[in-house]
Amino acid sequence: MDATLNEWAGRVRNAAETGKTLRIRGGGTKDFYGQPTTGEVLDTTPYRGIASYEPTELVVVARAGTPLAELEAALREKGQCLPFDPPYFGDGATLGGMVAAGLSGPRRAAVGAVRDYVLGVKMIDGNGDLLSFGGQVMKNVAGYDVPRLMAGSLGTLGLLAEVALKVLPLPVAERTLRFAMSEAEAIQKLNAWGGQPLPIAASTWQAEALTVRLMGARAAVESAHATLGGEIVPDANSFWQGVREQTSTFFAGDEPLWRLSVASVTSPLGLSGPTLIEWGGAQRWVRGDQGAEQVRTCASRAGGHAVLFRGSQSLKASAGTFQPLSPVLARIHRNLKQAFDPKGVFNVGRMYPDF
Amino acid sequence: MAFINDVRFEVDKRAILARLKSHLPSQAILVDEEELRPYECDGLTAYRAMPLLVVLPETEAQVADILRACHALKVPVVPRGAATGLSGGAMPHEDGVVLSLARFKKILKIDPLSRTAVVQPGVRNLAVSEVAAAYGLYYAPDPSSQIACTIGGNVAENSGGVHCLKYGLTVHNVLKVRGFTIEGDAIEFGADGLDAAGFDLLAIINGSEGLLAVITEVTVKLTPKPELAQVVLAYFDDVQKAGNAVADVIAAGIIPGGLEMMDKKATHAVEPYVKAGYDLDAEAVLLCESDGTPAEVAEEIERMKAVLEKSGATSLVVSQNEADRLRFWAGRKAAFPAVGRITPDYMCMDGTIPRKRLAEMLEAIETLSGKYALRCANVFHAGDGNLHPLIMYDANQPGELERATAFGFEILELSVRLGGTITGEHGVGVEKVDLMAAQFSPAEISAFHRLKAAFDPDGLLNPGKGIPTLARCREYTQTRGTTSPSPTATPPRF
Ligand SMILES: Cc1cc2nc3c(=O)[nH]c(=O)nc-3n(C[C@H](O)[C@H](O)[C@H](O)COP(=O)(O)OP(=O)(O)OC[C@H]3O[C@@H](n4cnc5c(N)ncnc54)[C@H](O)[C@@H]3O)c2cc1C
């Protein structure tokens with residue numbers, strides 16, 4: 001075993017034996033996300049680098065501490081990308097953090113989420129065992145799909161060491177269009193367009209303006225533009241970057257930021273506070289001090305859930321970051337934690353207070 | 001061939017029967033041998049077992065009652081869809097109840113605006129696309145068995161199809177799954193939005209082979225039908241050139257709607273059966289599909305043709321209309337039954353390997369075919385590196401089934417050594433349960449058992465399948481751990 005992994009496994013075993021906890025940390029860019037957790041920091045950044053990259057296989061394998069920027073640059077050089085636009089939220093973002101946080105950016109509705117691209121993981125479980133699940137092939141149903149389960153588990157189930165990802169070619173052509181439109185009309189349009197074979201890669205509605213990004217073959221982008229109309233947005237890259245990285249003005253300031261994941265056809269939520277819609281209507285960002293109960297009820301009525309994405313420590317403490325689980329799901333979650341991390345070593349409480 | 005299930009239960013048949021009778025109408029319980037016989041195997045006919053009972057519930061409340069009864073009396077439960085599975089996943093447990101979802105046949109809702117369909121698990125895969133067609137939509141995963149197999153079975157196996165290179169597997173096309181735990185508690189995986197709170201349990205219910213929960217309702221995503229699709233048939237005078245052409249297409253930055261391959265044995269089996277019009281002199285044919293707007297397709301077909309020609313295709317035929325296209329695909333989709341016509345029995349392997357190793361694998365299969373003196377036709381989901389060698393044998397000839405099994409094992413072990421997996425889409429079931437030890441360490445197998453126990457602590461759902469007991473792993477390593485069917489060096493395990 002690699003020396004770093006050996007050392008990590010030792011630390012995990014030691015923590016398990018002595019009843020200590022570990023806080024897994026890459027670049028720390030997503031420290032704000034989830035509940036605060038305690039324990040000695042296990043810094044993943046020394047374990048970095050691309051282990052293998054074969055453009056013809058559409059697969060890249062890299063160590064968890066690899067800076068996301070380094071990974072994306074290597075892919076770009078070969079005309080490929082991580083199509084789900086993972087947000088960095090800071091310079092130091094790592095591959096491991098990307099998978100553990102499970103966050104996807106503007107193109108998610110069109111191309112799938114982080115989890116859809118995770119093919120394999122090498123990880124250390126709470127017993128200090130180095131385990132490998134999945135692999136480097138597109139189709140693999142041997143054993144349960146643990147690699148995808150790791151995506152979005154916030155490091156509560158294990159310490160990611162290495163990840164294999166499916167990658168895709170960069171789109172050949174793109175164009176960003178803007179339409180003046182009310183919220184209700186935008187939701188209606190986005191869903192109607194979604195039922196047509198149009199190369200819509202991303203969408204954002206905010207402040208009475210709908211912005212749509214087309215990506216695909218040149219001919220497809222041209223004909224979609226002809227069908228849809230709209231005004232071409234000149235500095236499109238920086239616009240989408242602002243949404244992906246939450247640097248646009250909508251996200252500025254200290255007001256709480258709620259993320260609601262709902263059925264795409266859900267009509268305007270009617271919550272007070274500014275709203276930004278993404279993912280063809282399936283992701284709604286809402287600013288303001290809404291009352292957690294109200295936001296959560298609203299989300300579950302719309303077939304989904306709400307996340308207190310950013311908020312003060314005191315709000316997080318009272319409202320919790322994530323939507324409470326049904327009793328059956330809560331039991332399965334505790335059991336899964338027990339299955340992978342029986343002594344409760346990793347990121348305790350980061351997702352839900354009871355594990 | 002008997003599969004020795006080493007997970008057994010002491011079951012009081014009279015007690016479970018009495019309890020089930022109190023919850024179900026009598027026609028929903030099968031007990032007589034002649035009624036049970038049709039349930040003794042699935043699509044993997046080489047392995048059979050007779051169940052204690054078969055139950056055919058019609059409502060979720062009945063499913064919950066059955067599960068509560070079996071849980072209370074510690075009786076194993078084997079969920080079953082259309083039994084087209086090819087790994088013995090739905091094969092009964094001798095001490096257990098088969099829970100058939102065959103009567104859950106309703107499409108509950110189609111919503112063209114949100115592009116979703118809510119269906120019961122016994123709905124056939126193709127039926128969803130047929131109903132969605134009125135809205136210009138379809139359900140993308142299209143296993144070749146789609147006329148018969150059910151959505152419940154598709155989720156349980158995470159099934160793929162000939163278009164999943166571009167449109168994804170079942171796991172990528174399902175939003176929400178409703179089901180029941182072994183305790184009879186309702187549980188929901190996923191949501192109506194694109195993600196759900198907590199762990200991504202939807203990811204593990206897909207491909208769970210009936211070991212984690214019984215699925216009673218599925219919300220699937222529907223995809224807009226492309227305006228146009230066209231397929232190129234590329235013929236090769238050498239199988240390995242065809243294998244390399246697959247990697248060349250991907251390397252050119254093209255993600256075809258489908259990229260499939262058949263060798264000469266397969267086309268020769270298919271042609272008299274389907275009359276697809278394949279060139280029978282070629283050693284291999286690739287089916288390479290482009291879909292999108294007419295302009296997009298025209299552009300992509302030209303790029304595909306250029307790559308395929310450069311890779312050494314001897315001739316190229318492009319479908320000129322939808323009838324052509326469907327005929328070309330009909331040949332591919334009928335490959336299994338077509339091979340079934342030219343041999344008394346066949347076994348379908350399902351290894352997946354990195355695309356660049358295709359040529360190497362084909363050569364090894366050729367050698368193994370000689371070694372075991374059994375014919376093998378090759379049908380591949382080439383774009384995904386997913387192989388379906390069809391090993392032909394005659395179960396009535398002494399020793400042939402054993403030879404076929406050993407042949408298959410060697411192919412799958414080689415798949416693992418080439419950096420791949422023992423199963424791409426058909427599941428582990430009983431067929432490959434021992435081979436799990438070729439791919440996973442004892443620590444990894446133990447982790448799978450713990451994951452299973454998180455859902456089903458008593459191990460009552462589909463016991464003995466999917467994940468081998470540690471005793472089986474030991475036995476496998478002792479008997480096969482040292483065999484080395486090919487000189488290929490072991491690549492570092494990922
Ligand atoms: C000719 C032929 C071609 C095929 N082509 C393909 C192909 O292209 N791609 C592919 O992926 N597969 C293919 N298959 C395999 C098979 O059709 C698929 O695995 C299919 O998904 C099985 O569906 P089923 O309804 O028949 O399930 P079954 O065979 O009845 O069951 C399969 C597994 O799912 C479990 N299960 C079934 N229903 C439920 C439920 N409601 N809840 C929980 N567990 C459940 C069972 O316990 C079992 O483990 C093919 C099979 C044949 C015979």
Please enumerate the residues belonging to the range B:52-84 that are away from the ligand (no atom under 12 Å from the Cβ), in contact with a strand residue (DSSP E or B) (Cβ under 7 Å, 6 or more places away or on another chain) and part of a loop (DSSP other than H, G, I, E, B).
-> B:L52, B:L56, B:V75
Counted residues in the range B:51-78 being closer than 23 Å to B:C41 by Cα and aliphatic (A, V, I, L, M) come to 11
Would you mind finding the one in B:G464, B:G459 that is assigned to a loop (DSSP other than H, G, I, E, B), more than 19 Å from the chain's Cα centre (by Cα) and within 16 Å of the ligand (Cβ to nearest atom)?
-> B:G459
B:A251 meets each of (1) over 30 Å from A:V59 (Cβ atoms); (2) touching a Ser or Thr at 6+ places or on another chain (Cβ under 9 Å) with one exception, condition (1)
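Here is a list: A:Y47, A:Y53, A:Y117. Which entry is out of contact with any Pro (no Cβ under 6 Å at 6 or more places or on another chain), hydroxyl-bearing (S, T, Y) and under 22 Å from A:A201 (Cβ atoms)? Even if it seems obvious, please write down each step before you answer.
Numbers: A:Y47 fails: under 22 Å from A:A201 (Cβ atoms); A:Y53 fails: under 22 Å from A:A201 (Cβ atoms).
Sole residue among the options that is out of contact with any Pro (no Cβ under 6 Å at 6 or more places or on another chain), hydroxyl-bearing (S, T, Y) and under 22 Å from A:A201 (Cβ atoms): A:Y117.
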If you scan the range B:115-141, which residues turn out to be free of Cβ contacts under 8 Å to residues at least 12 places away in the same chain and within 14 Å of chain A (Cβ to nearest Cβ)?
-> B:A134
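Considering only the range B:176-188, how many residues are more than 9 Å from every other protein chain (Cβ to nearest Cβ) and either surrounded by fewer than 24 Cβ atoms within 10 Å (Cβ to Cβ) or among the aromatic types (F, W, Y) (or both)? Talk me through it step by step, then tell me what you get.
Restricting attention to the range B:176-188, the residues satisfying the condition of being more than 9 Å from every other protein chain (Cβ to nearest Cβ) are B:177-180, B:182, B:184.
Pick out the ones that are also either surrounded by fewer than 24 Cβ atoms within 10 Å (Cβ to Cβ) or among the aromatic types (F, W, Y) (or both) and you get B:178, B:180, B:182, B:184.
Count: 4.
Yes/no per residue for (1) buried (at least 24 other Cβ atoms within 10 Å of the Cβ); (2) in contact (Cβ under 8 Å) with a residue 60 or more places away in the chain:
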site: A:N127; (1), (2): no, yes
site: A:Q136; (1), (2): yes, yes
site: A:P147; (1), (2): yes, no
site: A:L154; (1), (2): yes, yes
site: A:L157; (1), (2): yes, yes
site: A:A161; (1), (2): yes, yes
Just for the range B:429-446: of the residues that are within 16 Å of the ligand (Cβ to nearest atom) and either closer than 20 Å to B:E40 by Cβ or polar (S, T, N, Q) (or both), which one is farthest from the other protein chains (Cβ to nearest Cβ)?
-> B:V430
Failed criterion for A:M138 (all others in (1) of a type in the set (A, V, I, L, M); (2) at pLDDT 95 or above; (3) out of contact with any Pro (no Cβ under 6 Å at 6 or more places or on another chain) hold) = (2)
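At least 2 residues that are at pLDDT 95 or above and over 26 Å from B:A196 (Cβ atoms) in each: list the helices (runs of 4 or more DSSP H) lying fully within the range A:67-115 that qualify. Before the answer, list the steps.
Numbers: elements: A:68-77, A:95-101, A:108-111.
Here the list reads A:68-77.
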In this structure, is B:I301 more than 16 Å from the ligand (Cβ to nearest atom), buried (at least 19 other Cβ atoms within 10 Å of the Cβ) and not acidic (D, E)?
-> yes
Here the residues within the range B:85-115 that are buried (at least 24 other Cβ atoms within 10 Å of the Cβ) and either out of contact with any strand residue (DSSP E or B) (no Cβ under 8 Å at 6 or more places or on another chain) or hydroxyl-bearing (S, T, Y) (or both) are B:G85, B:S87, B:G88, B:G89, B:S114
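Kindly indicate whether any position in the range B:273-287 is more than 14 Å from chain A (Cβ to nearest Cβ) and at positive phi. Please lay out each step first, then the result.
Taking the range B:273-287 as the starting set, the residues that turn out to be more than 14 Å from chain A (Cβ to nearest Cβ) are B:273-287.
Subsequent filtering for residues that are at positive phi retains B:275, B:277.
Checking the range B:273-287: at least one residue is more than 14 Å from chain A (Cβ to nearest Cβ) and at positive phi.
Restricted to the range A:229-260, and to residues that are within 14 Å of chain B (Cβ to nearest Cβ) and in contact with a helix residue (DSSP H, G or I) (Cβ under 7 Å, 6 or more places away or on another chain), which residue is nearest to A:G281 (Cα to Cα)?
We begin by selecting, within the range A:229-260, every residue within 14 Å of chain B (Cβ to nearest Cβ); these are A:258-260.
Within this subset, residues satisfying the condition of being in contact with a helix residue (DSSP H, G or I) (Cβ under 7 Å, 6 or more places away or on another chain) are A:258, A:260.
On the way: A:W258: 15, A:L260: 10 Å.
For the range A:229-260, the residue satisfying everything is A:L260.
Conditions (1) touching a Ser or Thr at 6+ places or on another chain (Cβ under 9 Å); (2) without any contact (Cβ under 8 Å) to a residue 40 or more places away in the chain; (3) over 27 Å from B:M304 (Cβ atoms); (4) of a type outside the set (S, T, Y), marked per residue:
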{"residue": "B:G184", "(1), (2), (3), (4)": "no, no, yes, yes"}
{"residue": "B:F189", "(1), (2), (3), (4)": "no, yes, yes, yes"}
{"residue": "B:A197", "(1), (2), (3), (4)": "yes, yes, yes, yes"}
{"residue": "B:I205", "(1), (2), (3), (4)": "no, no, yes, yes"}
{"residue": "B:S208", "(1), (2), (3), (4)": "no, no, yes, no"}
{"residue": "B:L211", "(1), (2), (3), (4)": "no, no, yes, yes"}
{"residue": "B:E217", "(1), (2), (3), (4)": "no, no, yes, yes"}
{"residue": "B:E227", "(1), (2), (3), (4)": "yes, no, no, yes"}
{"residue": "B:V232", "(1), (2), (3), (4)": "yes, no, no, yes"}
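Considering only the range B:95-180, give the strands (runs of 3 or more DSSP E) lying wholly within it that have at least 3 residues that are more than 23 Å from A:K139 (Cα to Cα) and more than 7 Å from the ligand (Cβ to nearest atom).
Details: elements: B:97-100, B:107-111, B:116-119, B:174-180.
Hits in the range B:95-180: B:97-100, B:107-111, B:116-119.
Within 12 Å of chain B (Cβ to nearest Cβ), in contact with a helix residue (DSSP H, G or I) (Cβ under 8 Å, 6 or more places away or on another chain) and in a strand (DSSP E or B), is that true of A:V163?
Details: within 12 Å of chain B (Cβ to nearest Cβ): yes; in contact with a helix residue (DSSP H, G or I) (Cβ under 8 Å, 6 or more places away or on another chain): yes; in a strand (DSSP E or B): yes.
For A:V163, the condition - within 12 Å of chain B (Cβ to nearest Cβ), in contact with a helix residue (DSSP H, G or I) (Cβ under 8 Å, 6 or more places away or on another chain) and in a strand (DSSP E or B) - is met.
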Assuming B:S87 fulfils every condition listed in (1) within 17 Å of B:I205 (Cα to Cα); (2) near the ligand (Cβ under 8 Å from one of its atoms) apart from one, which condition is it?
-> (1)
Reported set for the range B:204-220 where residues are more than 9 Å from the ligand (Cβ to nearest atom) and either in contact with a Cys (Cβ under 7 Å, 6 or more places away or on another chain) or under 21 Å from B:V128 (Cβ atoms) (or both) is B:N206, B:G207, B:E217, B:T219, B:V220
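The values are calculated or read from the model by the stated rules, or taken from the named source; none is laboratory data. It should be emphasised that the depicted structure is a prediction, and the values quoted were computed from it without experimental measurement. All Cβ positions, glycine included, derive from the backbone under ideal geometry; neighbour counts span all protein chains shown.
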